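Worksheet: one structure, shown below.
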Amino acid sequence: MSYLDKLTVSKRIIPAPPARRKAESADYRREKLIAHVEEQIELAKLALEGRPLQLQRKRGHKVVNVKPRLWWQVDADGNVITQIRYNKIPLIIQGRGSSIEVGQLKKLPATYRTVIKAIKAGELDRQIQSAYRKSRP
């Protein structure tokens with residue numbers, strides 16, 4: 001008697017587990033960009049409150065403070081200019097340019113929330129795909 005004869009074999013089918021989302025999918029890239037834009041919103045709120053601009057990141061088992069990369073700059077007149085970046089590459093907005101003139105710093109979180117809505121609607125998919133290709137080795 002073989003070892004396989006000792007098993008109870010049936011014809012029942014086990015459903016396959018749901019497919020994992022690939023890192024190359026458009027949904028994954030959108031979620032990644034939205035997470036980074038939300039991080040910039042938090043940094044803008046810290047700047048408005050006058051608190052230090054630091055983020056906490058997990059490095060192994062430790063949580064460390066890191067100095068973030070800001071996507072915005074304040075010019076001499078106090079006007080804020082920002083860019084939306086994917087993998088450090090600024091995205092071209094509506095084929096006109098990569099910078100968004102915000103005005104005062106207090107308008108920056110609302111501007112970023114508008115950008116998040118555009119990302120969710122798929123309005124920046126081509127730009128994200130282009131930046132993704134440029135960032136690949």
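Annotation: amide H-H contacts under 5 Å for I84 (H modelled 1.01 Å from N, sequence separation of 5 or more, or interchain): L91. Extending 7 Å from Cα along the Cβ direction at E31 and again at S135 yields two label points whose distance is 1.6 nm. Sorting S25, S99 on solvent-accessible area from highest to lowest, probe radius 1.4 Å, gives S99, S25. Who wins for biggest fluctuation among N79, N65, N87 in a Gaussian network model of the chain, springs between alpha carbons below 10 Å? The residue with the greatest mean-square fluctuation here is N65.
For helix 26-49, report the angle its Cα long axis makes with the longest principal axis of the Cα atoms of the chain; keep it between 0 and 90° and round to the nearest 10°. Computed tilt is about 40 degrees.
Does segment 30-137 come out rounded, prolate or oblate by the C-alpha gyration tensor, with a ≥ b ≥ c the root eigenvalues, rounded set by a/c under 1.5 and, if not, prolate when a/b is larger than b/c and oblate if not? In terms of gyration-tensor shape, oblate.
Per residue, the solvent-accessible area of the chain (1.4 Å probe, heavy atoms of protein chains only, all protein chains present) comes to 78 Å². Please determine, in degrees from 0 to 90 and to the nearest 10, the orientation of helix 125-135 with respect to the longest principal axis defined by the Cα atoms of the chain, where the helix direction is its Cα long axis. Helix 125-135 and the main axis of the chain meet at about 80 degrees. Run the numbers on segment 7-137 and let me know its relative contact order in percent, using alpha-carbon pairs under 8 Å that are six or more apart. Rounded, it is 22 percent for segment 7-137. For the set K58/K88; K62/K107; K45/K134; K32/K107; K62/K117, the pairs lying more than 29 angstrom apart at their alpha carbons are K62/K107; K45/K134; K62/K117.
Using a Förster radius of 22 Å, what is the FRET efficiency between K120 and V63 based on their Cβ-Cβ separation? Nearest 0.05, please.
0.15
Over all other residues within a Cβ to Cβ distance under 13 Å of E38, the charged ones net out to +3, with Lys and Arg as +1 and Asp and Glu as -1. The Cβ shell under 12 Å around R85 holds other residues with a net charge of +3, Lys and Arg each +1, Asp and Glu each -1. Only protein heavy atoms count here; on that basis, with a 1.4 Å probe, S135 has an accessible area of about 40 Å². Ellipticity at 222 nm from helices only: DSSP H runs of n ≥ 4 in the chain, each -39500 (n - 2.57), divided by the residue count, give -11500 deg cm²/dmol.
The values are calculated or read from the model by the stated rules, or taken from the named source; none is laboratory data. As the structure is a computational prediction, the values presented were derived from the model and not from experiment. Heads up, the Cβs are rebuilt from the backbone with ideal geometry, glycines too, and the neighbour counts pull from every protein chain shown. All accessible areas refer to the heavy atoms of the entire protein, side chains included, with ligands and DNA or RNA removed. Shrake-Rupley method; radii C 1.70, N 1.55, O 1.52, S 1.80 Å.
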